[in-house]
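What follows is a single structure, written as C-alpha cells, with notes after it.
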Amino acid sequence: MLTIQTFQAQLDRFDVSFSEDRFLLAVSGGADSMVLLHLFQQTGVNFQVAHVNYRLRGNDSDADEELVRNYCSAKNIRFHLYTVSDKDEKPEASIQLWARDLRYRFFRQIQQKENLNYLVTAHHLNDQLETFLINLSRGTGIRGLCGITEFSDDILRPLLHFSKEDIYRFAGENKIPFREDRSNAKNDYLRNMLRNEVISKLTDARPDFLENFDKTISYLTEANNFVDDKIAEIERVLIQVNFGGFSIDKPGLQKESDFVKFEILRKFGFSNKSEISKIFSAEKGKVFCSQTYELTVDRGTLVLQALQETKSTKPQEFILNMHEDEIILPDTFKITRRNSNRLMWLIDREKVTLPLKLRKKKSGDVFYPIGMIGKKKISKFFKDEKLPILAAQEIWLLCDSRDEVLGVLPLRQDRRYASDPKTSSNITLKL
C-alpha cells in the first residue's frame, strides 16, 4: 500500500543524499506523476518540476500543462516547460519514441542548467509488467525480462513497486488533482492493448498477480546479477586488452555455451546468433563488422578493433574547471559506477599542479592507493578489483597537469595527494 511511510522506505533504499542532492521531477499531469509530486513535496526534498506539452491532444494537452503549472505556482515549486513546435518535426510514425527522446533531451538540459543531480520519474508496477510482457513477446533474454530498474545512472523511480491501484487510492485519499489521458483507452499501441486487454484480465483472475509479479522481478534481477558476475569471470580469462581494441581466446570461447558466446560478443555489437555461429566457423582473415567494432578472425584469436567513428566520438582526455575549489565535471563526462555510493575526494591543493584532468589508462600507469601498502599498477588494480574487461575501459583516471595519477574514479584515491590533517587548502571532488 502506498503511504508517506512506505514511500519514504522506498527512498531509503536508494544510496542518495536526499538532504543534500537536488532533483528534477518529470510531471505529465497524470495520476502517477502528480502523486509523485505530492509525495516529494511532503518529504521536504529540494526539487524542481519539468513538463512537456506535446500539443498532440489539443485542449487536453493545454489543460495538462495548466494543471501542473498551477499546482507548482500554488506550492512555490520551480516549474520548467517545453512546448513542442513545428521545428521539432513530429514524425508520421514512431510517435512514442520521438516523444521519449524529446522529453529526455529537455530534462537533461534542465538538469545541466539548474545543476540538478537526479531525474525522478513516476514509473510504477503496472508499467513494469507492461514492459516485461513487451520484452517477452520480443524473445528477449533474462536482462530484458528484468524490465525497468529502480535506479539507473542518475534516474530514480521510487514508485516502481507500487501498483496503479495504489496510486489512484492515494490520490483519492489525499485529494490530489490529476488528469486522465483519454488516448490511453485506445488500443493503438501494443502497450495500451496489453494494459487494457491483457493485464486487466490477469489481475481480475488473480488479485495478488501484481504482488507476485513484483517478487518474480526481484528474483530475475538477482539471477541476472549472478549471470553478469559469472560472465565477467570468463571475460577476465579469455579477453586481453590491446591498443585500440581487444583479443579474445577463440578456442576458449568456442568451448563455452552459446549463451556465454552471445553474452560476451553482444557487448561488441554482435547480437545476431547466426552471425556469431559464422564467426567460429570462419577462416583466418575473415572480417565481421558491428556498428561499433570490427572483428577479424585470426589463428586462435578473435581480434576486435573499435571503428574509427566510435573512437572519434569518445575523447580520451578532459581538462577540468574549478569553482571555489570544487571540481566541475564536464557535461559530457559520465562515470560508470559499480555501485550507487556517493563519492567525495579531498585533494591537497599544494601537492598538485593545475589544471587537473581526466584521462583513460595508459600502459605502465601506477598509483599509490589509499588503504594499501606501496604502489600498484593500474592494470593490476583493475584485475584485483575483478573489473570486467569492458567495464575497465570505461574507468577514468584523475590526473594533474604533470600527468601524475591522483586516483582511479570512482574506485580509489591516491594517498600521496589526498588531504591530511596538515593540509591548508583543499580541492573537493564530488560525484
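Inclusion of GLU235 among residues that are of a type in the set (Asp, Glu), at pLDDT 95 or above and closer than 30 Å to ILE276 by Cβ is not warranted. Selection of segment 152-200 for residues being of a type in the set (A, V, I, L, M), over 26 Å from the mean Cα position of the chain (by Cα) and either on the phi > 0 side of the Ramachandran plot or open to solvent by 60 Å² or more (accessible area, probe 1.4 Å) (or both) yields ALA185, MET193.
Those residues that are assigned to a loop (DSSP other than H, G, I, E, B) and in contact with a Leu (Cβ under 9 Å, 6 or more places away or on another chain), I need them from segment 72-116; list them, please. Before the answer, list the steps.
At the first step, the residues of segment 72-116 found to be assigned to a loop (DSSP other than H, G, I, E, B) are 76-78, 84-85, 89-94, 115-116.
Selection gives ILE77, VAL84, LYS90, PRO91, LEU116.
Test each condition in (1) under 30 Å from ASP62 (Cβ atoms); (2) open to solvent by 50 Å² or more (accessible area, probe 1.4 Å) for PRO251 and report the one that comes out false. Unmet condition: (1).
Cβ-Cβ contacts under 6 Å between residues 6 or more apart (or on different chains), taken from a first residue in segment 148-164 that is more than 18 Å from ASN117 (Cα to Cα) and touching a residue at least 24 places away in the same chain (Cβ under 8 Å) to a second residue that is in a loop (DSSP other than H, G, I, E, B) and acidic (Asp, Glu), are listed as LEU160/GLU150. Taken over segment 285-323, the criterion of being open to solvent by less than 70 Å² (accessible area, probe 1.4 Å), part of a loop (DSSP other than H, G, I, E, B) and at pLDDT 75 or above is satisfied by GLY285, SER290, THR292, GLY300, LEU307, LEU320. Scanning segment 143-193 for residues that are touching a helix residue (DSSP H, G or I) at 6+ places or on another chain (Cβ under 8 Å) and either among the aliphatic types (A, V, I, L, M) or part of a strand (DSSP E or B) (or both) turns up LEU145, ILE148, LEU159, LEU160, ILE167, ALA171, ILE176, ALA185, LEU190. Taking segment 8-26 as the range and being within 13 Å of HIS161 (Cβ to Cβ) and aromatic (Phe, Trp, Tyr) as the test, only PHE14 passes. The residues listed here are ASP86, ASP60, ASP64; of these, the one that is open to solvent by 40 Å² or more (accessible area, probe 1.4 Å) and among the acidic types (Asp, Glu) is ASP86.
The values are calculated or read from the model by the stated rules, or taken from the named source; none is laboratory data. Owing to the predicted nature of the structure, the values given are computational and were not obtained by experimental measurement. No Cβ is skipped: glycine too gets one built from the backbone with ideal geometry, and neighbour counts run over all protein chains shown. Surface accessibility is based on the protein's heavy atoms, side chains included, excluding ligands, DNA and RNA. Shrake-Rupley method; radii C 1.70, N 1.55, O 1.52, S 1.80 Å.
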